Amino acid sequence: MTKDQIILNIAALKSHSSINYGIKTKVQAFTEKLFYTLFDANDSLTESVEELEKSFKEISKIASKKPQELCDDVWSQFLEKLPCVLEKLNMDAEYILENDPASNSVEEVCLGYPGFYAIAIYRLSHELYLLDMLLFSRLMSEYAHQITGTDIHAGATIASPFFIDHATGIVIGETTVIEKALIERNKTAPAIAGQLAALADGNYREALMLVQHAEEDWQELVRNWLNAILKTGPVAQTKWVEEVAKLGREKQKQFLRYFNHLLEQAVHYRIQGENLLISEKEKDFAARLNRIAGFEQQEAMMHEIDQAHYHVERNANAKILFHALTIKLYHIIQDNTVLLLE
């Protein structure tokens, strides 16, 4: 194969991708500038804030694909949060100074403690996470992970003051608090607790409700559905729809949310690869989902599943709804299929 043929093959394989890899370096530069702006006593705040605003709007437009006016509004909300975040970080720094005998000054903590840097970027990325800038916040968190060896999910809930000693290797997930509560208070098996905490989206009461149906193997149901869509055809699709229609509204909602959770994991796995902190079984399934659907297809699937969840909540006819959703998913992914059951 000639060089030109190789280039053409690579171009063809990339043709369905909309990933803008340059966004990673832009986020890294933004993260460093933001930390510098908040902690360097000699910094010109007016100039730095203007520079950050320009960078933020450029990144958020690419990362979120939201309209420019919405990105502008998010920047205003994020900027408004910075004094509160800095106040918390000052408390964190003082707390480290008080509790680590090896520390000699706040300056040393801010300049030389990777644990403090990890906390700082977590608190900043957390505000973006709350503003629905999910990819932006994820890339900030991952940059801090690369620098410090500490992996703190932007969606985690961490009070102030907070202290991480010897940062390398520490992992704090989005659902750590809920997962721990399910295990300790409800005696839920750790593997199931992790899955339910992710589905509950930060709501402990919702997690307790999900425990009632924890025996369901939703991943197997997703696998059967996709195989019916992509391989076995209308008879298998009809059988699957009839099976799901019997589950009842609450289980149908939980199933749809779990499918979207799997699709979100697939998107994260596409970006982070083996660094993504999920089980090997989930990584394998995410890899398979990425083989049957590109990023834009997965976005379209998530949108359709969200719409289906909305209609299930409003007592739509389950057979009609899931049959229509099956057809829609087929048309979204029909040009790029692979059998999930091996």
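Read the figures in this text as sums done on the coordinates, not as results from a lab. The structure presented is a predicted model; accordingly, all values stated were derived computationally and were not measured. Here Cβ is always computed from backbone atoms with ideal geometry, including for glycine, and neighbour counts include all displayed protein chains.
Before moving on, here are some points about what is shown:
- Trypsin sites (Lys or Arg not before Pro) within the stretch 48-107, DSSP loop, no more than 15 other Cβ atoms inside 10 Å: Lys65
- Applying both filters, DSSP loop and at most 16 other Cβ atoms within 10 Å, to the chymotrypsin sites (Phe, Trp or Tyr not before Pro) of the stretch 19-104 gives Tyr21.
- Normalised per residue, the volume of the convex hull around the Cα set of the stretch 12-172 (Å³): 116 Å³
- Measuring r between the beta carbons of Asn317 and Phe295 and using R0 = 25 Å, the FRET efficiency lands at 0.20.
- Here the simple spin-label model places points 7 Å from the Cα toward Cβ, and for Lys33 and Val106 these points are separated by 2.6 nm.
- Length added when fully stretched, Ile327-Asn9, from 0.36 nm per residue minus Cα-Cα: 111.4 nm
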